[in-house]
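Before any comments, here is the structure.
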Amino acid sequence: MSSRRSISTLLFAALAASATLSPTYAQFVPQGPRLVGTLAAGASLQGESVAISADGNTAIAGGPGDTNFAGAVWVFTRSNGIWSQQGLKLVGSGAVGNAEQGFGVAISADGNTAIAGGPGDNAGVGAVWVFTRSSGVWSQQGNKLVGTGGGEQGLSVALSADGNTAVVGGPGDNNQTGAVWVFTRSNGVWSQQGPKLIGSGAANNASQGRSVAISGDGNTLAETGPYDNTSIGATWIFTRTNGVWSQQGNKLVGTFASYQGFGVALSGDGNTVIMGGGSGAWIFVRSNGVWSQQAYRYGNDATSAQVTAVGLSGDGNTAILGDIADNNEAGAAWIFVRTGGVWFQLGSKLVGSGAVAPFQDQGQGVGLSVDGNTAIVGGPGHLTTTPGASWIYSRVASPNLYILDSGNHLIWEYDTHGNPVFLGSRYAAASQPSGLAVDSNGYTWLTDSSFNQVVKQDGNGDLVLRFGTTGSGAGQLYQPYGIAVDALGNVWIADTGNNRIQEFDGNGNFLLQFGGLGGGNGQFNGPAGIAVDPSGNIWVADTGSNRIQKFDSSGHFLLKFGSYGNAGGLFKGPFSIAFDASGNAWIADPYNQRIEEFTSNGVFLQAFGGGFSFPSPYGITVDFLGNVWGVDYNLSHIVEFNSSGARLFQFGTIGAFFSGQFYYPTYIVAK
């Protein structure tokens, strides 16, 4: 391992850094298997359009290809985290010809009103159908709705939060000029509100109404024309005052726009709009009635920059982007979040499992609950004979990563996407910070191998407790490194220079010691790492003896495994230990440039890492999702792997004091 410095000779410079809080975000994980509606007939294209209620407990998926393009929609509900279909597929009455019902769908905030568009109805005039739910039973409300004029009405639809205002897009109206119709409901009866809406300033046949959206109160709507101005595309905003709609400002055209308008969404207050297109997604915000561009984004791990569908949370701070072209039309979706007016990607792209076709087109339809914690992604499977499907994702709490930046004398806290939780860092109140642990209350514990002490700091980096003196007596320390805190709050120290393990209570009072120099069971030669497994047993990386030893909480020897070598299950200087939820042990094996996994009985399972890209894994941790994080001491990288060893993510560079820079980091903890 090139340029590795001896642990015992590390020298550190002091820096007192300010800590300014920055919001943290969770990540999205699949919730259950894909949703496929029953009684589908043929390639129904389920997921061509999708929508979800405000609380995220009712979802609707349109399948315009069902029954030879008559079309249908399916409703699903969630109970205790389990999704199931509610009732039979819905097919509106009065359709003429191949209506393609479900090409566009929308749902009210309470999930009790749904609208389905059928742009193929009546030889392409188009229509929409409204359905309502009462006591869990869905039924059609009134006759189909057809606005004055015509031209693919229902290719896109939107509903206000109360379900009383519906917006219907018809991009084929007037030879592809396109238009939008608004309908309102009063006492269960729907009627058109005003004339059709056509945005001014359009160039060429813009196909206005290709996508539509409406604010929660129903007083702001957005409609797009992706073919405006030779396919640059544009978006028009309209507002309603006393029942009258009028255009607000000029059309919106984003920077680098191309086919802008394949998908549009509005925040609940109507002050944030996002639209997708052939080269990404554009976000505009409104202030005092004036719109301006805030961001231009696409997935940083996408194989295609286009965005075919978009969604927004109620507060406008979480967005979802779909792209059917990603990975040769397998498709995917991305989550972005906004903080301080800046948008950044949240995690990796979302790709649902269980797809039965190579051209699943995930991301053709997307939607978000009002709180932004539940997402739906539709994958209709164009060019296939499958019925299509939808996938649900839920946002779960994401662990924070505490990183001991030993060379810079700092403790950093990051989310799992490489974003600092603190815009600054915390000063490590130790002369030579060597080991790191984080207890259940968020306090950080450090070993100081220069002053031979243990230091406890709070979340602001303020000193709470310091204990330890130099020596070999009970409770004294000499070059301590590894540190762990058990479920009782007791602190376990790898007293490296004394070749022993010591236990203290949370106030620094000595409780127990065991070990001594040697190669026998329960003896050590420079133990550097220590960890507590889910059963409360103590595991020690006996670094100098190239082995791992396991003890119960009373210090009784239980087992050992490993010896010097580079074959699987062998070690060259094992340094740190972490555990996953099942109790498997993950060992950082730095001189073999790898991470190894073992069962709780010490049986070797796998090894991964290594090479120039991960030459010196020191610290290691496992997050609650089962992903493994390693600290590369020499390259100052923080690297994430899944449980099979596939590299997922990496951040960090060599540097001093700035966010994303580290200098010989040693330990990492996920909490």
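Out of region 113-137, which residues are surrounded by fewer than 18 Cβ atoms within 10 Å (Cβ to Cβ) and part of a strand (DSSP E or B)?
Those that are surrounded by fewer than 18 Cβ atoms within 10 Å (Cβ to Cβ) and part of a strand (DSSP E or B): Thr132, Ser134, Val137.
Report whether or not Ser535 is touching a residue at least 60 places away in the same chain (Cβ under 8 Å) and out of contact with any His (no Cβ under 9 Å at 6 or more places or on another chain).
yes
Pick from Leu558, Leu625: which is assigned to a strand (DSSP E or B), open to solvent by 10 Å² or more (accessible area, probe 1.4 Å) and aliphatic (A, V, I, L, M)?
Answer to the check: Leu558.
Please enumerate the residues belonging to region 214-245 that are acidic (Asp, Glu) and crowded, with 18+ Cβ neighbours inside 10 Å.
Glu223, Asp228 - these are the residues of region 214-245 that are acidic (Asp, Glu) and crowded, with 18+ Cβ neighbours inside 10 Å.
State all residues of region 447-463 that are farther than 20 Å from Ile501 by Cα and either buried (at least 17 other Cβ atoms within 10 Å of the Cβ) or modelled with pLDDT of 95 or more (or both); if no residue qualifies, say none.
Across region 447-463, the qualifying residues are Gln457, Gly461.
Which ones in region 288-298 are outside any loop (DSSP other than H, G, I, E, B), touching a residue at least 12 places away in the same chain (Cβ under 8 Å) and either open to solvent by less than 70 Å² (accessible area, probe 1.4 Å) or closer than 15 Å to Val337 by Cα (or both)?
Matches in region 288-298: Trp291, Gln293, Gln294, Ala295, Tyr296, Arg297.
Would you point out the residue of region 84-112, among those that are in a strand (DSSP E or B) and open to solvent by 40 Å² or more (accessible area, probe 1.4 Å), that is farthest from Gly169 (Cα to Cα)?
Ser84
Taking region 520-545 as the region of interest, how many residues are open to solvent by 20 Å² or more (accessible area, probe 1.4 Å) and closer than 21 Å to Ala567 by Cα?
3
Please go through region 357-370 and pick out each residue that is surrounded by fewer than 24 Cβ atoms within 10 Å (Cβ to Cβ) and modelled with pLDDT of 95 or more.
Matches in region 357-370: Val370 only.
Which one is surrounded by the fewest Cβ atoms within 10 Å (Cβ to Cβ), of the residues in region 561-586 that are part of a strand (DSSP E or B) and of a type outside the set (Gly, Ala, Ser)?
Among residues in region 561-586 that are part of a strand (DSSP E or B) and of a type outside the set (Gly, Ala, Ser), the one surrounded by the fewest Cβ atoms within 10 Å (Cβ to Cβ) is Tyr564.
Say we look at region 638-660 and pick out the residues that are in a loop (DSSP other than H, G, I, E, B), open to solvent by less than 40 Å² (accessible area, probe 1.4 Å) and touching a Ser or Thr at 6+ places or on another chain (Cβ under 9 Å); which of these is farthest from Pro420 (Cα to Cα)?
Gly655
Which one is surrounded by the fewest Cβ atoms within 10 Å (Cβ to Cβ) among residues in region 428-446 that are in contact with a Phe, Trp or Tyr (Cβ under 7 Å, 6 or more places away or on another chain) and among the hydroxyl-bearing types (Ser, Thr, Tyr)?
Among residues in region 428-446 that are in contact with a Phe, Trp or Tyr (Cβ under 7 Å, 6 or more places away or on another chain) and among the hydroxyl-bearing types (Ser, Thr, Tyr), the one surrounded by the fewest Cβ atoms within 10 Å (Cβ to Cβ) is Ser431.
Residues in region 393-416 that are part of a loop (DSSP other than H, G, I, E, B) and closer than 27 Å to Ser353 by Cα: how many?
6
If you check Asp301 against the conditions, is it modelled with pLDDT of 95 or more, of a type in the set (D, E, K, R) and within 21 Å of the chain's Cα centre (by Cα)?
When the stated conditions are applied, Asp301 does not pass them.
Among the strands (runs of 3 or more DSSP E) confined wholly to region 176-240, which include 2 or more residues that are out of contact with any helix residue (DSSP H, G or I) (no Cβ under 9 Å at 6 or more places or on another chain) and farther than 16 Å from Leu266 by Cβ?
Where strands (runs of 3 or more DSSP E) fall fully within region 176-240 and carry at least 2 residues being out of contact with any helix residue (DSSP H, G or I) (no Cβ under 9 Å at 6 or more places or on another chain) and farther than 16 Å from Leu266 by Cβ, they are 179-186, 189-192.
Just to verify a result, which residue in region 464-504, among those that are touching an Asp or Glu at 6+ places or on another chain (Cβ under 6 Å) and over 16 Å from Tyr667 (Cα atoms), is surrounded by the fewest Cβ atoms within 10 Å (Cβ to Cβ)?
Step by step, filter region 464-504, then rank; the result is Val464.
The values are calculated or read from the model by the stated rules, or taken from the named source; none is laboratory data. Note that this is a predicted model, so its numbers are computed, not measured. Backbone-built Cβ (ideal geometry, glycine too); neighbour counts: all protein chains shown. When the accessible area is computed, the model is the full protein with side chains, heavy atoms only, and any ligands, DNA or RNA have been set aside. Shrake-Rupley method; radii C 1.70, N 1.55, O 1.52, S 1.80 Å.
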